[in-house]
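Encoded as C-alpha cells, the structure appears first; notes follow it.
Just so you know, all these numbers are worked out from the coordinates, no wet-lab data involved. Everything numeric here is computed off the predicted structure, so don't read it as measured data. Positions of Cβ are generated from backbone atoms using ideal geometry, with glycine treated the same way; all protein chains shown enter the neighbour counts.
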Amino acid sequence: MVNVFASVLIAFFICVISGPLLIPVLRKLKFGQSILEIGPQWHAKKSGTPTMGGIIFILAAIITTLLLVKDVKVLIILATSVAFGIIGFIDDYIKVVLKRNLGLTASQKFLAQTVAAVGFTIFLYHSGYINNEIYVPFLSGLISLEWWIFIPFTVFVILATVNSVNLTDGLDGLAAGITVAVSVFFTVVAFILKDYNTAAFSAAITGGCMGFLLFNAHPAKVFMGDTGSLFLGGAICSVAIALKMPLFLIIVGGIYLIETLSVIMQVTSFKFTGKRIFKMSPIHHHFEMIGWKETKVVTVFVTATIILCIIGFLGINNVVAFIQ
C-alpha cells in the first residue's frame, strides 16, 4: 500500500517540478505543434504550442518505477511502454523538426508497433510471466486460449489500445484525463489481486498523468504528442495483459474504443457511400462541431470513463471471489 501511494506522489511531483523546466526547452527548440487544416478551424490558435510533452510523465514513470519496483515483469512492462513512446517520439520529431506534418507513414508506424507488440508478448509468454489464461468480465474463473490464439489476440489488443489512445489525444486534457481514470482502475485491481509491483507501476502512470494535467488542461501549455499517447497506450494495455484482464479494456477503455470506431465508421461510410456519419472524426471533434465547448467534451468523456470503470469494478466481483 505504501509503494502505491508513494508511486502516485513521486510521479506527480516529478511532473510538477520537471514541467516548468521542460516546457520552455521544448518551446525554445521550436517543438511547436502544427494544426492540420482538416481539423476544427478554432484549433488553429493552438498552433505553436509545444508538443512532445509526454516526455514529462514518461520521465516521471521511469524514475518512479526504478526507485520503487525491482520486479522483472514490471520492468519489462516499463520497457515496452518506453518502446512505444520512442516510436511516438520519432513520429513527433519528423512532424515538428523535419516539418512533415503527417510524421511516420502508416506502414512504418504499424510495422514498428507490431515489432514492439510481438516482442513484448512472446518474451513474457516464454518467460512464464504471462500464460494463455484471461479473466472474463462478470464471469468467475479464467478461460484458457490456445497459444496460437492467445499470442495474436494479445498483439491485437496492444495495437488496438495504443492506437486508440493516440486517436483520443485530440483535445486539451482528454487523453490524460481518461487515462487517469483507467490507470486508477488497474492500480486498484492489481492491488486487489496482490500484484503490488504492477499496482505501483500503474500508480506511477496515474500520478504522472495527474501532474501532466496541470500543464495540459485547457488551455494547454503543452501537448503530449504521439510521444506521450503511444507511451500511455503501451502502458495501459501492458498492465491489462499482465493482470490477465485485456477484455476489461473493452469496458474501462470504452471511450478509447468509441474514438477508434468513430474513425472506422466514418472512413468506411465515406468510402462506400460518399457520405459521412459524423461531422468530423474522431468523435470528440463531432461534438465540437455541433457546438460543445472543448471543456464540456473533455468533462463528459472523462465522466463517462469513470462510470465505465465503476462498471468494470462490478465485473471483477466474480474474479475476486474465484481467487479467494
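If you average 1/r across every pair of different Cα atoms in the stretch 239-324 and take the reciprocal, what Kirkwood value do you get, in Å?
Answer for the stretch 239-324: a Kirkwood hydrodynamic radius of 14.8 Å.
Ranked highest first by the average count of other Cβ atoms within 10 Å around their residues, in what order do 218-228, 128-138 fall?
Final packing ranking: 218-228, 128-138.
Aspartates and glutamates near Lys109 by alpha-carbon distance under 15 Å, same-chain residues fewer than 8 away left out - which ones?
Qualifying aspartates and glutamates at Cα under 15 Å: Asp91, Asp92, Asp226.
Considering amide H positions built from the backbone, and no H for Pro or chain starts, which residues 5 or more places from Thr49, or on another chain, come under 5 Å of its amide H?
Gln33
Only counting other Cβ atoms within 10 Å, I'd like Val189, Val302, Val96 sorted with the fewest neighbours first. Mind dumping the intermediate values first?
Values: Val189 26, Val302 19, Val96 22.
The fewest-first ordering by Cβ neighbours comes to Val302, Val96, Val189.
Could you give me the radius of gyration and the Dmax of the chain, taking only the C-alpha atoms into account and expressing both in angstrom?
Calculated on Cα positions, Rg and Dmax stand at 18.9, 56 Å.
Taking the mean number of other Cβ atoms within 10 Å as a proxy for protection, how do you rank 198-206, 165-173 from highest to lowest?
Details: 198-206: 29.9, 165-173: 25.1.
Packing proxy ranking, top to bottom: 198-206, 165-173.
Within a Cβ distance under 15 Å of Tyr125, other residues only, what is the Lys/Arg minus Asp/Glu net charge?
Net charge in that neighbourhood comes out at 0.
Near Lys73, which lysines are there with a Cα under 19 Å away, not counting those fewer than 8 places off in the same chain?
By straight Cα distance, Lys73 reaches Lys194, Lys244.
Which Rg and Dmax, in Å, describe the Cα atoms of the stretch 58-186?
Looking at the stretch 58-186, its Cα Rg and Dmax stand at 16.5, 52 Å.
How about Lys271: which lysines have a C-alpha closer than 22 Å to its C-alpha, ignoring those fewer than 8 places off in the same chain?
Lys279
If you line up the long axis of helix 174-192 against the longest principal axis of the chain, both from Cα atoms, how many degrees apart are they, to the nearest 10?
For 174-192 against the chain, the angle is about 10 degrees.
Starting from the eigenvalues of the Cα gyration tensor, five times each then square-rooted, give me the equivalent ellipsoid semi-axes of the stretch 212-282, largest first, whole Å.
Sorted largest first and rounded, they come to 27, 21, 10 Å.
Near Val263, within a Cβ-to-Cβ distance under 14 Å, what is the net charge of the other residues, with Lys and Arg +1 and Asp and Glu -1?
Neighbour charge sum, excluding Val263 itself: +1.
For the chain, what is the calculated [θ] at 222 nm in deg cm²/dmol (nearest 500), taking -39500 (n - 2.57) for each run of four or more DSSP H residues and dividing by its residue count?
Counting only the DSSP helices, I get -24000 deg cm²/dmol.
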